[in-house]
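The values are calculated or read from the model by the stated rules, or taken from the named source; none is laboratory data. Since this is a predicted model, take the numbers as computed values, not measurements. Cβ: placed from backbone, ideal geometry, glycine included. Neighbour counts: every protein chain shown.
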Amino acid sequence: MKRRALLSALGLTGCGYHVGGKADLLPKTVRTIAIPTFGNLTTRYKISDRLGSAISREFLTRTRYQIVADPNDADATLRGSVLTYTAFPTVVDQVTGRAAGVQVSVLLQVTLTDRASGKVLFTRANMEVRERYEISIDQAQYFEESETALDRLSRDVARTIVSAVLSGF
C-alpha cells in the first residue's frame, strides 16, 4: 500500500500539471508594457478606450508588469484594433415586435511586440468576443444596457488577453 502511494505521488510530480495563471512566458527583459489606445475601424464610440483601460487594469492587478503611457519608455508594446462591431437582436418580444435581447460581437486584432528586438511576443489576428444583454420592453422601465454589456465585454477581453500572454497561448 505504501509503495502504491509513493508511485502515485511520483507520477503526479512529473505530469506537467501547474496552476493556471502562474506561468509567465515573456522574456525576463520585459518589465514595462505600453498599451496605447486601440485603433477603431468601427462606428462604435469609445469602444477602443474601454478595451485599453480594461487590459491595463488587468495587467496591473494580475501581473508584475508596470504599465506606461509612452511606447518609447516600455520594454514591450501591446497594440490592438477593433476591426468590427455588430449588434443584432436575439430575442424579439412577440407583442411589440421589439428586440428584447441583443448579441454584441466584436472582432479584434492584438499584438504584443518587444521594443528592443521587434520580435512579436503574442498575437491574435482575429479574436472574436461576444456579449449578450437584455432590453426592457416596458418603455417606462427602459434602461440602456449596451454600455454595461460593453464594460463586461472589455473585462472579458482583458482577462482573456492577459491569460493568453502569460501562458503563451
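Within segment 48-61, residues that are closer than 15 Å to Val106 by Cβ sit with their Cβ atoms under 7 Å from residues that are of a type in the set (Phe, Trp, Tyr), at 6+ positions apart or across chains, in these pairs: Ser48/Phe38; Leu51/Phe38; Gly52/Phe38. Meeting the requirement of 3 or more residues that are surrounded by 15 or more Cβ atoms within 10 Å (Cβ to Cβ), the strands (runs of 3 or more DSSP E) wholly within segment 53-162 are 76-92, 99-114, 120-134.
Table: residues versus (1) within 12 Å of Ala34 (Cα to Cα); (2) among the basic types (Lys, Arg); (3) out of contact with any Gly (no Cβ under 9 Å at 6 or more places or on another chain).
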{"site": "Ile55", "(1), (2), (3)": "yes, no, no"}
{"site": "Ile67", "(1), (2), (3)": "yes, no, yes"}
{"site": "Leu78", "(1), (2), (3)": "yes, no, no"}
{"site": "Phe88", "(1), (2), (3)": "no, no, yes"}
{"site": "Gln103", "(1), (2), (3)": "no, no, yes"}
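A residue that is surrounded by fewer than 13 Cβ atoms within 10 Å (Cβ to Cβ) and either part of a helix (DSSP H, G or I) or at pLDDT 95 or above (or both) can be found somewhere in segment 12-28. Please determine whether any residue of segment 126-137 is in contact with a Lys or Arg (Cβ under 7 Å, 6 or more places away or on another chain) and over 30 Å from Thr29 (Cα atoms). Yes, segment 126-137 contains at least one residue that is in contact with a Lys or Arg (Cβ under 7 Å, 6 or more places away or on another chain) and over 30 Å from Thr29 (Cα atoms).
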